[in-house]
1. Modelling each spin label as a point 7 Å along the Cα-to-Cβ direction, I'd like the Arg366/Asn53 distance in nm, to one decimal.
2. Quote to one decimal, in nm, the extra length available between Lys160 and Gln77 on full extension: 0.36 nm per residue of separation minus the C-alpha distance between them.
3. I need to check one value: relative contact order of the chain, counting alpha carbon pairs closer than 8 Å and at least 6 residues apart, in percent.
4. Please tell me the relative contact order of region 14-74 in percent, rounded to the nearest whole number, where contacts are Cα pairs under 8 Å and at least six residues apart.
5. Kindly provide the helix-only [θ] at 222 nm of the chain, computed as the sum of -39,500 (n - 2.57) over DSSP H runs of four or more divided by all residues, to the nearest 500 deg cm²/dmol?
6. Considering the options Gln101, Thr49, Leu62, tell which one lies farthest towards the positive end of the dipole of region 25-270, charges being +1 on Lys and Arg and -1 on Asp and Glu at the Cβ, about the Cα centre.
7. Would you work out if region 326-372 is rounded, prolate or oblate? Take a ≥ b ≥ c from the square roots of the eigenvalues of the alpha-carbon gyration tensor; rounded if a/c is under 1.5, else prolate when a/b is larger than b/c, oblate otherwise.
8. About the Cα centre, and with charges only on the beta carbon of Lys, Arg (+1) and Asp, Glu (-1), how big is the dipole of region 25-270? Nearest 20 debye, please.
Amino acid sequence: MSVQLGMPAVRAQTPALATRRKSRQVMVGSVPVGGDAPVSVQSMTTTPTADVNATLQQIAELTAAGCQIVRVAVPSQDDADALPKIAAKAPIPVIADIHFQPKYVFAAIDAGCAAVRVNPGNIKKFDDKVGEIAKAASEAGVPIRIGVNAGSLDKRLLAKYGRPTAEALVESALWECSLFEEHGFRDIKISVKHHDPVVMIQAYRMLAERCDYPLHLGVTEAGPAFQGTIKSATAFGALLAEGIGDTIRVSLSAPPVEEVKVGIAILEALGLRERGLEIVSCPACGRAQVDVYTLAQEVEAGLKGFPVPLRVAVMGCVVNGPGEAREADLGVASGNGKGQIFVKGEVIKTVPESQIVETLIEEAMRIAEERGVKVDPDAEDGAAEVIVS
């Protein structure tokens, strides 16, 4: 007999934490940044840009992971020479990252890059080149990101403040903006990155109050995957919860695809992007009568690449299980060697513990098919393959 728990007809949407800060909008290729556009996710290639094939391959991998904008480093003439092919063949907009040599800014614009990132603190006599850069960028319709970093702050500001404080980062960014504004150029977005999330948050809050340019969020040199994820999630969460931030890049000492995964997960957790596969699972306790860790991992692996949004509750006992399952699309409350399977708040069956994972995956496929998507569970690498139905 089924037990109806009163599942709402429509799953509740996560409410917005705050009204988005009103910023002007720029177009990075086909991707709008700022204004009422969704917060976009960026990353940066780690290949030598001069190696066109390797760089394009990594951009393809980033695109498949959900990256919307990609940045490539341009430290040499060989890298600059590779930009036309990369910009033309990349499936997502390409931003050229320029330090030290202003001539590469012009090369990137001529190459058809969607935007250019400049670091004023690392380009000698940058202020003297602003007029030429503004003219070239304006004529080509290419936005400029003024990317200020704590580790490469203008020496004049370091002398003034003694260290890269939040005030120093903001002053640097706004000073450079004012130079572009003198030439009528306002197709600008700004980043003021710091390795300390607290200083970074302070800087972006100040910046948000003092200008309407779109803001690119980032904790620079955030560290290895675990540490960097925590720092980025903390900083981005604080700012995005206040409506501050228009595009994000998670900086990890890890493969760039991992940066994209973390970035997307942060936006999903804040309700700024529709959630994909979400596993709601308990941390286990003395009440648990199953190995919740293994159970959750096996369900996650079995549904890797699932192509429709799905919330799955994997619970180790009946204390919180029914309640969590009520809010999930699909769930299980386990105990005494068996599991109650819930679909949209209703217990549809009870199965032996050994059949829990198999049953949850079968029900997930059925839910997907109800939503007009048929899934091949035997697709390569465990990823689900969408079949037109």
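The values are calculated or read from the model by the stated rules, or taken from the named source; none is laboratory data. Since we're looking at a predicted model, the values are computed, not measured. Cβ atoms come from the backbone with ideal geometry, glycine included; neighbour counts cover every protein chain shown. Calculation scope for accessible area: heavy atoms of the full protein, side chains included, ligands and nucleic acids excluded. Shrake-Rupley method; radii C 1.70, N 1.55, O 1.52, S 1.80 Å.
1. 4.9 nm
2. Working: separation 83, 0.36 × 83 = 29.88 nm, distance 3.44 nm.
So the chain would gain 26.4 nm between Lys160 and Gln77.
3. Details: 815 pairs, mean separation 55.2, N = 389.
For the chain, the relative contact order is 14 percent.
4. Working: 63 pairs, mean separation 18.7, N = 61.
Normalised by residue count, the contact order of region 14-74 is 31 percent.
5. Working: 12 runs with 151 residues, N = 389.
About -12000 deg cm²/dmol.
6. Result: Gln101, furthest along the dipole toward the positive end.
7. Details: a/c = 2.91, a/b = 1.59, b/c = 1.83.
Judged from the Cα gyration tensor, region 326-372 comes out oblate (a/c at least 1.5, b/c at or above a/b).
8. Numbers: 22 positive and 28 negative charges, 69 e Å.
Result for region 25-270 is approximately 320 debye, rounded to the nearest 20.
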